[in-house]
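The values are calculated or read from the model by the stated rules, or taken from the named source; none is laboratory data. In this text, all values refer to a predicted model and were calculated from it rather than measured experimentally. Positions of Cβ are generated from backbone atoms using ideal geometry, with glycine treated the same way; all protein chains shown enter the neighbour counts.
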Amino acid sequence: MHSSAFETLARMGYVTKGCSYAIIGLLTVLVLVGSGGRVGARQGAVETIAEHPLALVLLTLLAALLLAYAGWRLLQALVDPDHHGTDREGLRQRLGYFLSALAHGSFGVMASQLVLSGASDGTKTWLGRLMSIDAVGLITLAALGASALAVGLRQLYEGVTTRFRRMLKTQVMSRREKEVAVKIGRAGLTARGTVFCAVGVALLHAAAQHDPGRVQPLDETLARIGREPLGSVLLLAVALGVTAYAGHQLVLAKWRRIAE
């Protein structure tokens, strides 16, 4: 693939991912606005979102963006346009792209299902059905939990140490641009890493308990958070963190070093 074409696709990929997370942040805000700051008081988060006029449009756009980003990751894994090669490190990187494609593709499918089936089916948990497959389901669930935890810890490390700066073309950035890019990246990666760690721990706990009933869907999880004394504050923090991560992706879209 020609380097200029690959660079364009790569930067579009970051824009797509950034827009996806921005929509997720906006949907979280809609939960707060639609429930008057008391999520879960009378209904679940999915029902709250579904009642908002913008919900269908946002969920449809989110599904399309997630599936498009999954396709870009799959292209990176199979075609290897950035020339990672077939040595151990190259295959490890390409495997990471493939797993990312599966994860974002799954989220895209789930978002599509919410659009097609409505809020009534949004509270069903595919994790519970996965665990019903017995041993295979448990192993898969534990692997998902371990992977999410590993990704979360890595992103926390990247955010705290700001190692992501090495990926930026700092030589063409002004001092102010570098400061803003570092602040956004630190906030976004730390927030996303925290969320991934929480998800990983929850999945591992569910696998250890071997009880599908303990695996709560996102709707019930958000509703439970909303019922806490500081629930609205926590959800707002999630929305801001996700939005910061979206901003970090847009920073990468403009200033990331792209392999020639």
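Just name the residue that is modelled with the highest pLDDT out of those in segment 188-233 that are acidic (Asp, Glu) and in a helix (DSSP H, G or I). Don't jump to the end; show me each part of the working.
Let us first name the residues in segment 188-233 that are acidic (Asp, Glu), namely 211, 219-220, 228.
With in a helix (DSSP H, G or I) added as a condition, the list becomes 219-220.
On the way: Asp219: 49, Glu220: 54.
Step by step, filter segment 188-233, then rank; the result is Glu220.
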Could you identify the single residue in Ala63, Ala45 that is closer than 25 Å to Ala22 by Cβ, surrounded by 15 or more Cβ atoms within 10 Å (Cβ to Cβ), modelled with pLDDT under 85 and within 22 Å of the chain's Cα centre (by Cα)? Ala45
Of the residues in segment 140-178 that are in contact (Cβ under 8 Å) with a residue 40 or more places away in the chain and outside any helix (DSSP H, G or I), the one that is surrounded by the fewest Cβ atoms within 10 Å (Cβ to Cβ) is Lys169
Those residues of segment 3-24 which are at pLDDT 85 or above and among the aromatic types (Phe, Trp, Tyr), in sequence order: Tyr14, Tyr21
